[in-house]
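Notes follow the structure.
Since every read-out is calculated from the coordinates, none of them should be taken as a lab result. Here the structure is a predicted model, which is why all the values come from computation and not from measurement. Cβ atoms come from the backbone with ideal geometry, glycine included; neighbour counts cover every protein chain shown.
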Amino acid sequence: MDYEILVKNILKRYQGMREEAFESIFCPRVIPIKKIVNNVFLMPGQQHWRASFQIEIKEEYEDLIQVGREGTFVPASYAKGAGEWKNLAKGRIINVDRENGIAYGEVLFGNTKEELEAALLNLKEEDYLEIEEFEISEKITKALIEYNLAELAKKAGYSVAKLPMVRGKAADSPDEYPFEFTKDGVTKRIQVKSLWSEDPRYARLIHPKSNRYLTSSCKFDAQDLFAVSLYPRTGNTMDFAFAKSVSKAQDPVHGLEEARGFAGFVTQNPECEIDNIVWFDSLDKVWQV
């Protein structure tokens, strides 16, 4: 890659983009952890299990340390430049003591006490809390995932149509999906989703509620295939799992579970493990079922 040309083109498009701005916008900040308290508990009136952490407030990142700020715990090896990115758990700042220079937060992962306890086994005090400063890296990651999926499909012999997002549409108008893939005269609608960042064992098959969506689950008939990015698990935006958008009632072998109490809607967080029966490791394999 010719980085000089790349940077030149970026600077031409975004006037005023200095080196410091470029890094701050595109690279989330990594902040060292001062302490982790592995005691897992429920707060009165809350339903999520949590542990606790502390970070020391320092001048170089004190502007980011605010109540309600969320981040992702990442390995020290990644933060220091040698290792790969990995989502260890989620962190949320809940109290800031500026007088004593300490911020307190909660560690979150999964839905159960056991799931959080398992995640804490992999989270060490030498790891870091990654904080999104300008809330753009998630959009960049989403765009990169879609780009990589389209390139993967083209290399596998599919023709790819990237569909425009329709803005200001009525809530009860037809569903949107980002891609149509075509091969051997057959066209299928592709919905791109990701694993659940709070527990990357599960896919996150959600959709905003509307007149057509009485629950925040995807409708089975709104797409033909799900392409789920495995990035929150693997750290690689080129990794995907694929599934048919069909219920087990219609296809007992390859179908997905239906949302409880909502016929025609997929369960929001199905477990996503590639077995080439429900979740497939390639487009060609899911295309044929």
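The gain in end-to-end length when the Asp284 to Glu20 segment is fully stretched comes to 90.7 nm, 0.36 nm per residue minus the alpha carbon separation. Multiplying the residue separation of Ile94 and Thr187 by 0.36 nm and subtracting their alpha-carbon distance yields 28.7 nm. Between the alpha-carbon centres of the range 201-230 and the range 92-150 there is a gap of 24 Å. Which FRET efficiency value, to the nearest 0.05, is calculated for Asn276 and Lys139 with the Förster distance at 45 angstrom and r the Cβ-Cβ distance? It comes to 0.90.
The stretch between Met165 and Glu62 holds 33.3 nm of extra length on full extension. This uses 0.36 nm per residue minus the Cα-Cα distance.
For the range 167-262, just say rounded, prolate or oblate: build the C-alpha gyration tensor, square-root its eigenvalues into a ≥ b ≥ c, call rounded for a/c under 1.5, and beyond that prolate if a/b exceeds b/c, oblate if not. It comes out rounded by the Cα gyration axes. This ranking places His48, His254 by how few other beta-carbon atoms lie within 10 Å of each, fewest first, which gives His48, His254.
Taking other residues whose beta carbon is less than 13 angstrom from the beta carbon of Val67, and scoring Lys, Arg as +1 and Asp, Glu as -1, yields 0. Overall shape: prolate for the range 40-189, with the ratio a/c of the largest to smallest alpha carbon gyration tensor axis at 1.5 or above and a/b above b/c. Taking every Cα-Cα distance in the chain and sorting them into 10 Å bins from zero, the calculated P(r) comes out as 6, 23, 30, 25, 14, 2, 0 percent. Among Cys27, Cys272, Cys218, the order by Cβ neighbours within 10 angstrom, fewest to most, reads Cys27, Cys272, Cys218. Modelled this way, with points 7 Å down the Cα-to-C-beta line, the labels at Ala118 and Arg201 are 0.2 nm from one another.
Summarising the label geometry, the points placed 7 Å from Cα in the beta-carbon direction at Cys27 and Ala249 lie 5.2 nm from one another. Put in order of Cβ neighbour count within 10 Å, fewest first, the listed residues Ser282, Ser197 become Ser282, Ser197.
The string of couplings for the range 15-30 from the Karplus curve (6.51, -1.76, 1.60, θ = phi - 60°) is 5, x, 7, 8, 4, 5, 5, 4, 5, 5, 6, 8, 10, x, 7, 10 Hz, one whole number per residue in order, with x for Gly and Pro.
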